[in-house]
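The values are calculated or read from the model by the stated rules, or taken from the named source; none is laboratory data. What you see is a predicted model, and the numbers here were worked out from it, not measured in a lab. Backbone-built Cβ (ideal geometry, glycine too); neighbour counts: all protein chains shown. Please note that ligands, DNA and RNA were not included when accessible areas were found on the heavy atoms of the full protein model with its side chains. Shrake-Rupley method; radii C 1.70, N 1.55, O 1.52, S 1.80 Å.
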Amino acid sequence: MLGERRGAIFDLDGTLLDSMGVWRKIDEDFLGKRGFAVPEDYLVAITSKNFDAAAEYTIARFGLSESREAVIAEWFAMAQQSYAWEVEAKPYVLEYLQQLKAEGVRIAAATSSDERLFLPCLKHLGLYEFFDAFAVTAEVPRGKGFPDVYRLASERIGLSPDFCVVYEDILKGIEGAKMDAYYTVGVEDIHSAYEKEDIRRLADRYIVSFEELLGT
């Protein structure tokens, strides 16, 4: 499936990791503690943002008195245990990464998450060893919806965009990658089902499971 493309750039949450349910529960607990229900569009609004931007958005939207640092610290305290021991990889992720590595493909992650969460998770799941590089949106000027983080990931594995495939579960991720002409694979996730058809239309390929890519 990769053809001449020798780089694979993966989003983590919702793409390789079955972790979006963790964040939905955190949103419910965090906002519920402050007397708010989670608005239907809230997860959509923050999914593509890094932690600083998501905290600023949350504080402004709900008129919170806490600082950005305090909000992030509370989110981290709620998430660390789950990421270290409870979050699982999606089906056939391990097998697909093994296949890519055997083919000599360079593998990077491009994520809005924080390394203090995803690194322990990847190590616990036995996936860390497959990655050649990591890029996070906190390192670039713009979040997902723009190509910045994918471009940084490409640079770190020494390849140009036209030699890389981007795997994403959210529409903004596909849109951002397409701006730099990456080949894109939309990955189905229950938590982005509301934009499934838009992802399917825009992505170069759409998969329900990584099992579909084994042997290709």
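Remarks
- Checklist (1) surrounded by 19 or more Cβ atoms within 10 Å (Cβ to Cβ); (2) under 15 Å from the mean Cα position of the chain (by Cα); (3) of a type in the set (A, V, I, L, M) applied to Ile190, failing item: (1)
- Counted as qualifying within region 115-216 are the helices (runs of 4 or more DSSP H) with 1 or more residues that are touching a Leu at 6+ places or on another chain (Cβ under 6 Å) and closer than 20 Å to Thr47 by Cβ, namely 115-124, 171-179, 196-202.
- Filtered residues of region 201-216 (kept if under 17 Å from the mean Cα position of the chain (by Cα) and open to solvent by less than 70 Å² (accessible area, probe 1.4 Å)): Ala203, Tyr206, Ile207, Ser209, Phe210
- Test result for Lys172, of a type in the set (Lys, Arg) and under 21 Å from Arg24 (Cβ atoms): yes
- Test: Asp198 is surrounded by fewer than 22 Cβ atoms within 10 Å (Cβ to Cβ), at pLDDT 95 or above, closer than 21 Å to Phe163 by Cβ and of a type in the set (Asp, Glu): no
- Entirely in region 1-114, the helices (runs of 4 or more DSSP H) that have 1 or more residues that are within 22 Å of His191 (Cα to Cα) and among the basic types (Lys, Arg): 20-32, 51-62
- Residue list for region 117-142, filter: under 13 Å from Asn50 (Cβ atoms) and surrounded by fewer than 21 Cβ atoms within 10 Å (Cβ to Cβ): Val136, Ala138, Glu139, Val140, Pro141, Arg142
- Within region 68-94, being under 13 Å from Phe210 (Cβ atoms) and open to solvent by 60 Å² or more (accessible area, probe 1.4 Å) holds for Pro91, Tyr92, Leu94.
- Whenever a residue of region 196-208 is in contact (Cβ under 8 Å) with a residue 40 or more places away in the chain, its partners that are surrounded by 16 or more Cβ atoms within 10 Å (Cβ to Cβ) and hydroxyl-bearing (Ser, Thr, Tyr), lying with C-beta atoms within less than 9 angstrom and at least six residues away or across chains, give the pairs Arg205/Tyr183; Arg205/Thr184.
- Single residue of region 172-187 satisfying the filter (in contact with an Asp or Glu (Cβ under 7 Å, 6 or more places away or on another chain) and more than 12 Å from Asp11 (Cα to Cα)) that is modelled with the lowest pLDDT: Ala181
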